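Colleague: Structure below; questions to follow.
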Amino acid sequence: MKEKLLQYLACPKCGGDILLAYASKYDGKEIIEADLTCKKCEREYKVLRGIPRFAALDKIEKDKAETAENFGWQWTNFTQKDDKYAEQFLGWLQPVKPEFFEGKIVLEGGCGKGRHTSLAADWGAKEVIGIDLSAAVETAFQATKHLENVHIVQADIFKLPLKKVFDYAFSVGVLHHTPDPKKAFTSLAGKVKKGGHISAWVYGEENNSWIINYVNPIREGFTSKMGQPALFQLSKLPTVGVFLASKLLYRPLNKAAKPVAERLFYNDYLNHIGTFGWREQHNIVFDHLVAPTAFYISKTDFEKWWEEISAEDVEIIWHNQNSWCGFGKIE
C-alpha cells in the first residue's frame, strides 16, 4: 500500500477517515504490513502483504464468499498476459477511449488479476484504485506494485471503503456475478463525484437464452461446486470445441465471406474470441463454468439502472450480440 492511498480511503462502517496507526514492514514506497484505524469510530483494519484488507471471506455472506473463492483461484492461476487485452477492454468500455483516462482519479469495481488496472494507469490516470473481494488481489498487487499511480484494495463492492472523490468508475464482467447486480452498480456509482462518469459491462439477457436454459443449470448444479483444479482440467474439453470452431470456421469465414459468416450461431462473439490463443480461450470457458452466481441483464433493466442513479448523457451499446456496455455522467 502506498501511503498516498490514505487520502481516498474511508471506513466502510461509518465513513470516517482512515489513518495509518502503525507500519511494521516496508518495501520501498510500499507499506507491506501495517495497522489502519478509523479516526471516527476507531475500528481497526490491516495491511497484509501490501494490501489494505477491509473484508474477510470468513465474515461475509456465503454467496459472496463462494464467488470470491472461485474467482480468486481463477485469477491466481490464469495469470497470463495478452497483447489483445487493450482492444478487448476498450470494447467493453465503449465509447470510452484511452485518452479519457488522462489525469483522472479512477475506481475499478472488481480488478481481478489487475490487467485493466494496469491499462488505466498506462493511459494516464492520475490514480487508479482497484478493489476486489477475492484472493485475486494478491496477483493484482504483484502485477501493479511497480506502478506509482496504482493501488489495490481488498473490499466488498457493496461496502466500499472509499470517499466520493472519483472522476471515473468502471466495472467489466463483475456486476453480474454479484448477488444483486443493480445494488453493486449503485454502490460503485455512489463513489463518483458530481460531473464524473461511470462505465459498466454486463451479460445481456437477449440472445443468451441457450446459456440461460442449458449452460446455467450445469454451472449452478455441478461445475461451480467442483474443486477448481478439477474444473480446470474438465473445462479443457469444451475449450477444444470452442477453440477449433473459432479458429477453423468463424475467423476464416468472417474474413472470406462475411455475409455468410453473419448467419452462423453466435458469430460476433466466437469470431471475436477467435483472436485469442488457447490459454485465453480456456480462461473464458473456465470463467463461464466457475461462477456460483451469474445474471443476464435485459436492456430494459439495464436502462433502469442508469435512470435510478439519475445519470445523464447515457449511452448503452450492444456488444458482440451478447452483452451490454453502458456509459453515463453522474449529476
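Readers should treat all values here as calculations from the given coordinates under stated rules, not as data from a laboratory. The structure displayed is predicted, hence computed values, not measured ones. Glycine gets a Cβ as well: all are built from the backbone with ideal geometry, and neighbour counts include every protein chain shown.
Colleague: Where the only charges are on Cβ atoms (+1 Lys, Arg; -1 Asp, Glu), what is the dipole of the chain about its Cα centre, to the nearest 20 debye?
Modeller: Numbers: 42 positive and 42 negative charges, 84 e Å.
Charge dipole, the chain, about its Cα centre: 400 debye, nearest 20.
Colleague: For the ranges 114-126, 215-227, 36-48, what's the packing order if you count other beta-carbon atoms within 10 Å of each residue, average per peptide, and put the highest first? Show your work: numbers first, answer last.
Modeller: Details: 114-126: 21.5, 215-227: 14.2, 36-48: 16.4.
Top to bottom by mean Cβ count within 10 Å: 114-126, 36-48, 215-227.
Colleague: As a test of understanding, state the convex hull volume per residue of region 1-53 from its alpha carbons, in Å³.
Modeller: Details: hull volume 3.0 nm³, N = 53.
It is 57 Å³ per residue.
Colleague: Quick check on the chain: helices-only [θ] at 222 nm, where DSSP H runs of length 4 and up contribute -39,500 (n - 2.57) each and the sum goes over total residues. Nearest 500, please. List each step's numbers first, then the result.
Modeller: Details: 13 runs with 114 residues, N = 331.
Rounded to the nearest 500, it is -9500 deg cm²/dmol.
Colleague: Among DSSP beta bridges lying fully in the chain, give the percent that are antiparallel, nearest 5. If you can, show how the numbers build up before the last one.
Modeller: Numbers: 31 of 52 bridges.
In the chain, DSSP labels about 60 percent of beta bridges as antiparallel.
Colleague: Could I ask something else about it? Which whole-number percent gives the relative contact order of the chain, counting Cα pairs below 8 Å spaced six or more residues apart?
Modeller: On the way: 645 pairs, mean separation 57.7, N = 331.
Averaging sequence separation for qualifying contacts and normalising by length gives 17 percent for the chain.
Colleague: How much length would be gained if the chain were fully extended between Tyr26 and Tyr85, taking 0.36 nm per residue of separation minus their Cα-Cα distance, in nm to one decimal? Don't skip to the answer; put the middle values down first.
Modeller: Details: separation 59, 0.36 × 59 = 21.24 nm, distance 3.19 nm.
Here the answer is 18.1 nm.
Colleague: Report the per residue volume, in Å³, of the convex hull enclosing the C-alpha atoms of region 198-253.
Modeller: Values: hull volume 8.6 nm³, N = 56.
In region 198-253, the Cα convex hull volume per residue is 154 Å³.
Colleague: What nm value, rounded to one decimal, do you get for the distance between Lys39 and Arg279 when each label is placed 7 Å out toward the C-beta?
Modeller: Taking the simple label geometry, Lys39 and Arg279 are separated by 4.5 nm.
Colleague: Would you mind checking the pairs Lys40/Lys299; Lys13/Lys126; Lys2/Lys225; Lys164/Lys225; Lys29/Lys81; Lys126/Lys236 and listing those with alpha carbons more than 32 angstrom apart? Spell out each step's value before the answer.
Modeller: Values: Lys40/Lys299 42 Å; Lys13/Lys126 27 Å; Lys2/Lys225 37 Å; Lys164/Lys225 37 Å; Lys29/Lys81 26 Å; Lys126/Lys236 40 Å.
Listed pairs above 32 Å: Lys40/Lys299; Lys2/Lys225; Lys164/Lys225; Lys126/Lys236.
Colleague: Could you calculate, for region 219-290, the ratio of the Cα radius of gyration to the Kirkwood radius, expressed as Rg to Rh?
Modeller: Values: Rg = 13.7 Å, Rh = 12.9 Å.
Value, to two decimals: 1.07.
Colleague: Given the C-alpha centroids of region 114-167 and region 82-102, what is the distance between them in whole angstrom?
Modeller: Result: 16 Å between the Cα centres.
Colleague: If the viscosity is 0.692 mPa s and the temperature 37 °C, what translational diffusion coefficient in µm²/s does Stokes-Einstein give for the chain when Rh comes from Kirkwood over Cα pairs?
Modeller: Values: Rh = 20.5 Å.
The diffusion coefficient I find is 160 µm²/s.
Colleague: A further question on this structure: By how many degrees, between 0 and 90 and to the nearest 10, does the Cα long axis of helix 236-245 differ from the longest principal axis of the chain?
Modeller: 60
Colleague: Taking amide H positions as placed in the peptide plane 1.01 Å from N, state which residues far from Leu162 in sequence (5 or more) or on other chains have amide H under 5 Å from it.
Modeller: Distant-sequence amide H within range of Leu162: Ala10.
Colleague: Among Trp318, Trp278, Trp210, which one shows the biggest mean-square fluctuation in a GNM of the chain, springs joining Cα atoms closer than 10 Å?
Modeller: Trp210
Colleague: With each pseudo-label sitting 7 Å past Cα toward Cβ, what's the Trp210-Glu148 distance in nm, one decimal?
Modeller: Each label point is offset 7 Å from its Cα along the Cβ direction, giving 5.0 nm.
Colleague: Let me ask something else. Treating cross-link reach as a plain straight distance, find the lysines whose alpha-carbon is under 21 Å from the alpha-carbon of Lys258, omitting any fewer than eight places away in the same chain.
Modeller: Correct list for Lys258: Lys247.
Colleague: List the relative contact order of region 219-290 as a percent without decimals, with contacts defined as Cα pairs under 8 Å and 6+ residues apart. Walk me through the numbers before you get to the answer.
Modeller: Values: 50 pairs, mean separation 35.3, N = 72.
Result for region 219-290 is 49 percent.
Colleague: Taking the number of other C-beta atoms within 10 Å as the exposure measure, put Val128, Val240, Val314 in order starting with the fewest. Write out the running numbers ahead of the final one.
Modeller: Details: Val128 28, Val240 13, Val314 16.
Going from sparsest to densest Cβ surroundings: Val240, Val314, Val128.
Colleague: Then there's this: How about the chain: what cysteines have no other cysteine beta carbon under 4.7 Å from their own?
Modeller: Cys111, Cys325 - these cysteines have no disulfide-compatible partner (Cβ-Cβ under 4.7 Å) in the chain.
Colleague: For Lys4 and Asp122 in the same chain, what is the full-extension length gain: residue separation times 0.36 nm, less their Cα-Cα distance, in nm?
Modeller: Length difference between fully extended and current span is 40.6 nm.
Colleague: Name the GluC sites (Glu not before Pro) in region 93-191 that are in a loop by DSSP and that have at most 16 other C-beta atoms within 10 Å, would you?
Modeller: Working: sites: Glu99, Glu102, Glu108, Glu127, Glu138, Glu148; in loops: Glu102, Glu148.
Answer in residue order: Glu102, Glu148.
Colleague: If you line up the long axis of helix 62-77 against the longest principal axis of the chain, both from Cα atoms, how many degrees apart are they, to the nearest 10?
Modeller: That works out to roughly 80 degrees.
Colleague: Further question: At a 10 angstrom cut-off on C-beta neighbours, averaged per residue, how do the peptides 286-297, 263-274 rank from highest to lowest?
Modeller: In descending order of packing, they fall as 286-297, 263-274.
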